[in-house]
């Protein structure tokens, strides 16, 4: 097989790329990396010295592709599926990239700060991070009042970023009851086959997540 994904089934950023791969139907091999294992860490570091996953290795092109958004754009270019994750229209593509960055930076970002602080014992201003999430939730609620997916009627890179970000964010800060559009969007995400497959594969590892007790029962 020409593609290998170096990843971990629990990692939210890995979920983002897995969703895109399952959406496209692209065949690939999986290489689970345990960062706590010296050999695994050394293997990943030899591919991407920053030692962060996921990384996609394209054996046919003899190329390693890091960073989630770049991986998905690479797949769109070299291994396109039925629906492109980045629209061909420039303005539409810009909108998708904006909301991809929004979820990575302003939803995933606060989540990772809180989780990392819990794991390392380092302090962080959790009130500040949760306030960021509240602001993000408010923006998403407004955005989703008039659309099915983040950037129109087509599932895109932005939705790939949204699914894992919201899944883990709601374990730290539940969605406000009055945010019906956000809640409906989340339901569309978690019932999409590609997302369901990713969550099913992550299920055996959820006990490793420090806030596992906050994961809704239906996902366990």
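Bear in mind these aren't lab numbers, they're just calculated from the coordinates by the rules spelled out. Computed from a predicted model, the values in this text were never measured in an experiment. Glycine gets a Cβ as well: all are built from the backbone with ideal geometry, and neighbour counts include every protein chain shown.
For the stretch 3-24 and the stretch 119-138, compute the distance between their C-alpha centroids and round to whole Å. Answer, in whole Å: 25.
Highest mean packing comes first when the peptides 87-93, 166-172 are listed by Cβ atoms within 10 Å, giving 166-172, 87-93. Distance between the pseudo-spin-label points of residue 203 and residue 120 (7 Å out from Cα toward the beta carbon): 3.3 nm.
In the chain, Cα pairs under 8 Å separated by at least six residues give a relative contact order of 22 percent. At full extension, residue 89 and residue 134 could sit 13.0 nm farther apart than now, given 0.36 nm per residue minus the alpha carbon distance. Here the peptides 62-74, 30-42, 12-24 are ranked by packing, the mean other Cβ count within 10 Å, and the order with the highest first is 12-24, 62-74, 30-42.
Here r is the Cβ-Cβ distance between residue 101 and residue 217 and R0 is 45 Å; the resulting FRET efficiency, rounded to 0.05, is 0.90.
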